[in-house]
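A quick write-up on the structure given underneath.
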Amino acid sequence: MLDFNRIKEAAQKYEADMTRFLRDIVKYPGESCGEKAHIDRIAEEMRKLDFDKVEIDPQGNVLGYMGTGKTLIGYDAHIDTVGIGNIDNWEFDPYEGFESETEIGGRGTSDQCGGIVSAVYGAKIMKDLGLLDDTYRVVVTGTVQEEDCDGLCWQYIINEDKVRPEFVVSTEPTDGGIYRGQRGRMEIRIDVKGVSCHGSAPERGDNAIHKMAEVLLNVRDLNENDAADDKEIKGLVKMLDPKYNPEHWEDARFLGRGTCTTSQIFFTSPSRCAVADSCSISIDRRMTAGETYQSCLKEIEDLPACKKYANDIKVSMYMYDRPSWTGHVYETEAFFPTWINKETAPHVQALVDAHHALWGTERIGVDEKAMSTRTGRPLTDKWTFSTNGVSIQGRYGIPCVGFGPGAESQAHAPNEITWKQDLVTCAALYAAVPGLYKPENKDGSATSFRQELTGNNIK
């Protein structure tokens, strides 16, 4: 029988240590492919806390193991960050940060170095209180390149490190909630060919930008239109309708509709007084349940403008091949699958039971600022953005569930903060999870929706 008061007391005891640890991590820049300082500091803390094994793999992920049980449970935190953007938008140094009675400021405090801090100390609490027996052991992963390529780290961990947990708790920020799914995404590129000529006589050429302008309007319509019968381009909202998504419309309504937006535009031209001979755009495509990478590519190919200029248009998916901080290259498609679990899945229920026992049935937060994004929301919900779950569950079918310190709204924003109490809340919950997990309740249907593998040749 778990002693939840002891778990809470142990987590509270480590608040100062966790605060110090987080501030130590974020004092160094740790953007994707430049995470070495973050990884080294995390490995140092794991060794100091007597993790049973600490490894840094060839891609640069740090894996810390606690316990000796047969069944492995994972706790994942990506420890890379985005850049700081315009420094004029910051009210404090993003790396020096600040500490108040309740808050910690700095780039990465919510997204998502706070998660690794709570997970490391959650494992420490498990060891302190003897919560790991011969049944379970845990692996805490500090993973790299997530901001660049969601889930690439777990493709490596699963395929190359040969680590495959029973389930994984993602420590991405959840605003005090327990998250059981997310929309997927993919990065699409459209290339249009043209023929250049002198700008004084544009009729002699074939302007690629003009053709792309028609495509851009179609892309906008795909995102903004409804699904009425009179629409030539039916909007993505159609996937919430059983008529168009008979198998997955309920999951789609839970996750929210898919979206697409033009995020970048490129062109080539011999000069400013010439007709453009090529034009390309990038599309950020968010996918709900029932959509696949094949269906999303075909949807673009079937746009009226793309059909009109079919001989001059190429629709493709981006590839990712940036070297990690170790120099290792692990190429993959820029495809990040949708995933969702049933509320009754045992790994989801373990977190819900832990929250009820430790903190009650409602989301909690230390102050009005924290509660502004939590009050009135269900305890069990979903992420707006993408996480490493796209590989863990979306590609490989390993059940995933989320609970992490901080707020989604702080991600990628200037003046990023997290709350000290969130670190404590999460560490306590993580420590309680192995003792509440009931594998006998697995019925083979925990994963309500996940997209198929993509044909990726990385096995």
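What the table shows:
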read-out	value
Top-ranked residue of the range 37-72 - restricted to ones that are in contact with a Ser or Thr (Cβ under 8 Å, 6 or more places away or on another chain) and not in a strand (DSSP E or B), ranked as surrounded by the fewest Cβ atoms within 10 Å (Cβ to Cβ)	LYS70
Residue match in the range 217-227 (condition: closer than 29 Å to PHE385 by Cα, in the same structural domain as SER295 (by TED's automatic domain parsing) and within 23 Å of the chain's Cα centre (by Cα))	yes
Criterion (surrounded by 21 or more Cβ atoms within 10 Å (Cβ to Cβ) and either out of contact with any strand residue (DSSP E or B) (no Cβ under 6 Å at 6 or more places or on another chain) or under 22 Å from VAL82 (Cβ atoms) (or both)) met by exactly one of PRO414, PRO405, PRO439	PRO405
Number of positions in the range 301-318 that are crowded, with 22+ Cβ neighbours inside 10 Å and under 19 Å from GLN451 (Cβ atoms)	0
Single match in SER386, SER372, SER409, SER391 (criterion: more than 30 Å from LEU222 (Cβ to Cβ) and either among the acidic types (Asp, Glu) or not assigned by TED's automatic domain parsing to the domain that holds LEU222 (or both))	SER372
Criterion: over 30 Å from GLU440 (Cβ atoms) and among the hydrophobic types (A, V, I, L, M, F, W, C) - qualifying residue of VAL315, VAL348	VAL315
Test result for ILE157, in contact with a strand residue (DSSP E or B) (Cβ under 9 Å, 6 or more places away or on another chain) and in the same structural domain as PRO270 (by TED's automatic domain parsing)	no
Of residues in the range 328-357 being more than 26 Å from LEU429 (Cβ to Cβ) and β-branched (Val, Ile, Thr), the one farthest from the chain's Cα centre (by Cα)	VAL329
Checklist (1) under 27 Å from ALA11 (Cβ atoms); (2) not in a helix (DSSP H, G or I) applied to CYS153, failing item	(2)
Any chance VAL424 is closer than 20 Å to ARG164 by Cβ and in contact (Cβ under 8 Å) with a residue 60 or more places away in the chain	no
Flag for ASP134 being of a type in the set (Asp, Glu), surrounded by fewer than 24 Cβ atoms within 10 Å (Cβ to Cβ), without any contact (Cβ under 8 Å) to a residue 40 or more places away in the chain and part of a loop (DSSP other than H, G, I, E, B)	no
Unmet requirement for VAL168, which otherwise passes all of (1) outside any strand (DSSP E or B); (2) touching a helix residue (DSSP H, G or I) at 6+ places or on another chain (Cβ under 9 Å)	(1)
Cβ pairs under 7 Å, 6+ apart, first in the range 29-45 and among the charged types (D, E, K, R), second surrounded by fewer than 20 Cβ atoms within 10 Å (Cβ to Cβ)	GLU31/VAL82; GLU31/GLY83; ARG41/ASP24
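The values are calculated or read from the model by the stated rules, or taken from the named source; none is laboratory data. Here the structure is a predicted model, which is why all the values come from computation and not from measurement. No Cβ is skipped: glycine too gets one built from the backbone with ideal geometry, and neighbour counts run over all protein chains shown.
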